[in-house]
Amino acid sequence: MNSKEVAQLFDLPIDTIRYYERVGVIPPITRDKNGYRIYAKRDLNWIFLAKSLRKAGLSIESLIEFATLAQSKENVRAAQKQILQDQLTEINVKLEEMMHARDLLEYKIETFDDHVAKINAGELNDDEVEELWRMKHFKKHEIPLAVE
């Protein structure tokens, strides 16, 4: 596969793919006798992984470290796995935060009309204002922070 085909396949600019190769996010791509990149399945897997992990928030630096470890001749599987584990933990924390925000929005939408009616009727005073930060029911989405 050539660069244009790969860019179309993964909906990435060619410059991004070349940047990933240049900085070490993906291993060096084999070139033909004219110097054109020829992508093998292994290369496509690396590009897919890089794109997916970037979308999930993994930094370029972490991707470079992961790829560098993969190309090392030493046994570095534990270090690679730890990079992935750390990212999973970070994503789970973000998911939990988003679920709490979602729960709050659902609650506010469900109770909106009642609150507006009370305010308009003068029935809601400062002592009756909800203390959402103390409410426990926003913890209904518990996400494990690590998967062993």
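Rounded if a/c is under 1.5, else prolate if a/b beats b/c, else oblate: with a ≥ b ≥ c from the C-alpha gyration tensor eigenvalues square-rooted, which is the stretch 9-108? Oblate shape, in that a/c is at least 1.5 and b/c is the bigger or equal ratio. Entry comment: accessible area of the stretch 13-79 is 65 Å² per residue, from protein heavy atoms only and a probe of 1.4 Å.
For residue 110 and residue 22, calculate 0.36 nm times their separation in residues minus their Cα-Cα distance, and state this gained length in nm to one decimal. Please list the in-between numbers first.
Working: separation 88, 0.36 × 88 = 31.68 nm, distance 5.13 nm.
Using 0.36 nm per residue and subtracting the Cα-Cα distance, I get 26.5 nm.
The simple spin-label model puts a point 7 Å past each Cα toward its Cβ; for residue 14 and residue 97 those points are separated by 3.8 nm.
The values are calculated or read from the model by the stated rules, or taken from the named source; none is laboratory data. Predicted, not measured: the structure shown is a model, and the values here were computed from it. All Cβ positions, glycine included, derive from the backbone under ideal geometry; neighbour counts span all protein chains shown. Surface accessibility is based on the protein's heavy atoms, side chains included, excluding ligands, DNA and RNA. Shrake-Rupley method; radii C 1.70, N 1.55, O 1.52, S 1.80 Å.
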